[in-house]
Structures are given as structure tokens and as C-alpha cells.
Amino acid sequence: QVQLVESGGGLVQPGRSLGLSCAASGSIFSLNTMGWFRQAPGNQRELVALISSGGRITYADSAKGRFTISRDNATNTLYLQMNSLKPEDTAVYYCWITTGGTAYWGQGTQITVSS
């Protein structure tokens, strides 16, 4: 079993920056992939960015050039730095990990981009 605890989020003005973090604990294999997904009201959950334990990164087109995903393998902590935020970035952001053939989700954290 793996537990994911997200922190960060909140209300931010358009154009500003915000950071998220996610602490993973439990039965985590050294080979794993972590990532961020988001879900806006009325929309399906969508990928934001992924990062493997080896450092391979994938970004959604909406995140490229504005968001940066990173991780600390020593502490199993995942980060997402979001710059130049837009109102359309408003969503619940979820931390995700796949390890040992099983995927786990965090509880989600709300980000609202509004003036």
C-alpha cells in the first residue's frame, strides 16, 4: 500500500506562480513513475506531467513551457512548479504513482486561478 499526501494549492491570480508537493510513503519500489493529473468541473481527469524514477519526463501540451515537474527519489517527494497560471488551469490537482504494477492517487488539492 502507498499513501500520497499533497500540499500546496489555493487561490492565485492569473500570471502568478504556485508550487505543489506530494509526499509518498509505504511500499514503493525503486522503479516507479509519479505524476500530476488534474480535473476541472465537468471535465475528465487529465494528465499534467509524469516523471519516472530514472528522470524521464512527459508533459501535457497545456503544461509545456509553464510547468516543471521534479522529484526527490531519496524522500519519494514529487513537486510541480507552475508559472504563468491561467484561469483554465483551475482544477483539482492529483498526485499519482505507479509502482509494482499498482497505481495510487492522492486526495487532490484545489487550485483556483482567478483575479
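The values are calculated or read from the model by the stated rules, or taken from the named source; none is laboratory data. Bear in mind that the values here come from a model prediction, so they are computed numbers and not experimental data. So basically every Cβ, Gly included, is an ideal-geometry build from the backbone, and we count neighbours across all protein chains shown. In case anyone asks, the SASA skips ligands and DNA or RNA and just uses the protein heavy atoms, side chains included. Shrake-Rupley method; radii C 1.70, N 1.55, O 1.52, S 1.80 Å.
Taking first residues from the range 2-16 that are under 10 Å from residue 109 (Cβ atoms) and open to solvent by less than 80 Å² (accessible area, probe 1.4 Å) and partners that are at pLDDT below 95 and of a type outside the set (Phe, Trp, Tyr), no Cβ contact under 9 Å between residues at least 6 apart in sequence or on separate chains turns up. One residue stands out in the range 12-56 among those that are in contact with a Leu (Cβ under 6 Å, 6 or more places away or on another chain) and of a type in the set (Phe, Trp, Tyr): the one that is nearest to residue 91 (Cα to Cα), namely 37. Under the condition of being aliphatic (A, V, I, L, M) and part of a loop (DSSP other than H, G, I, E, B), which residue from the range 17-41 is surrounded by the most Cβ atoms within 10 Å (Cβ to Cβ)? Of everything passing the filter in the range 17-41, 28 is surrounded by the most Cβ atoms within 10 Å (Cβ to Cβ).
Within the range 81-92, if we keep just the residues that are open to solvent by 40 Å² or more (accessible area, probe 1.4 Å) and in a loop (DSSP other than H, G, I, E, B), the residue that is nearest to residue 2 (Cα to Cα) turns out to be 83. Restricting attention to the range 50-80, the residues being part of a loop (DSSP other than H, G, I, E, B) and touching a Gly at 6+ places or on another chain (Cβ under 6 Å) number 0.
The residues listed here are 44, 110; of these, the one that is of a type outside the set (Asp, Glu), touching a residue at least 24 places away in the same chain (Cβ under 8 Å) and open to solvent by 30 Å² or more (accessible area, probe 1.4 Å) is 110. Tell me yes or no: at least one residue of the range 57-79 is touching a residue at least 60 places away in the same chain (Cβ under 8 Å) and among the hydrophobic types (A, V, I, L, M, F, W, C). Scanning the range 57-79 turns up no residue that is touching a residue at least 60 places away in the same chain (Cβ under 8 Å) and among the hydrophobic types (A, V, I, L, M, F, W, C).
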